[in-house]
Amino acid sequence: MTLGSPRLHLRVTESTNDRARELAAAGAAHGTLVTAGRQTAGRGRQGRAWVAPEGAALLCSLVLRSFDELLPLRAGLAVADLAGGRVKWPNDVWVEGRKVAGILAEGRPQEGWVVLGIGVNVEPVDFPEELAGRATTLGRPGEVEAVLRELLDALEERLAEPAGDTLRALRERDALRGRRVRWAGGEGTAAGISDDGGLLVELDGGAETVLAAGEVHLVIGD
Ligand code: BTN
């Protein structure tokens, strides 16, 4: 499996995920990579925008034709490997409690492809006040390309390893375990990651439930 070849680099594009989706729908090979220096309509999960200063972040999308249900978590773990961080279920990577990277996996699994979009804040940046307490960077000036290479290496390993190894590593680096979480349907205390990649939550009465990534918008408490 070779991730990152062929590669299309764009100085500016709306969203690398959109370009990669077009390529995937047209038959692009597994591992095809789209990167950009800047996005004019970068997308996050649940309709949110993803904004990053030009050249300061790694903005990339991979076409994958071989994947499993743990894909977004495997990707989060790969980023956590290089960042020395933790995975915040389902799609973020935190360093010291602040978000350094986000993951947006989307596509047509029934047609055999998924686009794995990853944004990593690489260079030091002065975040606006409203983001400063929640966002961080790797603090690596001029190293977007180096981080891309590290990410591709980490992804090669994490996407290929047995699910049990991924789950074990995720459970060790689970940023939410023990934290209060709230969603439209209830609240409780995060209690780990289920075997199929859901979030286990202990409800206040003691019962346990499992949240599926696509279904919930989590609000995190203490
Ligand atoms: C999130 O945190 O909600 C996910 C953010 C994903 C951002 C990346 S940047 C590269 C790729 N292109 C996009 O438009 N989004 C993803």
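May I ask you to give the percent of accessible area on the chain that is carbon plus sulfur, with a probe radius of 1.4 Å? Could you put the intermediate results ahead of the total?
Working: 4930 of 10530 Å².
After summing per-atom areas, the C and S share lands at 47 percent.
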### Message
Testing the spin-label approximation: label points 7 Å from Cα along Cα→Cβ at residue 135 and residue 7. State their distance in nm.
### Response
2.4
### Task
Using amide H atoms built 1.01 Å from N in the peptide plane, name the residues 5+ places from residue 44, or on other chains, whose amide H lies under 5 Å from its own.
49, 50
#### Entry: Structure-based [θ]222 nm, the chain - -39500 (n - 2.57) summed over DSSP H runs of at least 4, per residue, nearest 500
-7500 deg cm²/dmol
### Rounded to whole Hz, the Karplus (6.51, -1.76, 1.60) HN-Hα couplings of the stretch 4-11, x for glycine and proline
x, 9, x, 10, 10, 10, 10, 5
### Query
Rounded to the nearest 20 Debye, what is the dipole magnitude of the stretch 1-103 about its Cα centre when Lys and Arg each give +1 and Asp and Glu each give -1 at the C-beta?
160
### Query
Looking at 80, 183, 41, which one has the Cα that reaches farthest to the positive end of the dipole of the chain (charges on Cβ: Lys, Arg +1; Asp, Glu -1)?
41
## Note on the structure
Treating only Lys and Arg (+1) and Asp and Glu (-1) as charged, each at its beta carbon, one finds that the chain has a dipole about its Cα centre, in Debye to the nearest 20, of 380
### Summary
Non-local residues with an amide H under 5 Å from the amide H of residue 105, with H modelled 1.01 Å from N and Pro and chain starts lacking one, are 117
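Over the chain, with the other protein chains present, what is the accessible area per residue in square angstrom, probe 1.4 angstrom?
47
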## Note on the structure
Once amide hydrogens are built 1.01 Å from N within the peptide plane, the residues lying 5 or more places from residue 88 or on another chain with amide H under 5 Å from its amide H are 93, 94, 175
### Task
Determine, from the Cβ-Cβ distance of residue 156 and residue 179 and an R0 of 35 Å, the FRET efficiency 1/(1 + (r/R0)^6), rounded to the nearest 0.05.
0.65
### Summary
Note, the stretch 85-94: 3J(HN,Hα) by Karplus (6.51, -1.76, 1.60, θ = phi - 60°), whole Hz, Gly/Pro = x, goes x, 10, 9, 9, 3, x, 9, 10, 10, 10
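The values are calculated or read from the model by the stated rules, or taken from the named source; none is laboratory data. Not measured: the values here are computed from a predicted model. We place every Cβ from the backbone using ideal geometry, glycine too, and count neighbours over all the protein chains shown. For the accessible areas, the whole protein counts, side chains as well, though only heavy atoms, and no ligand, DNA or RNA atoms are used. Shrake-Rupley method; radii C 1.70, N 1.55, O 1.52, S 1.80 Å.
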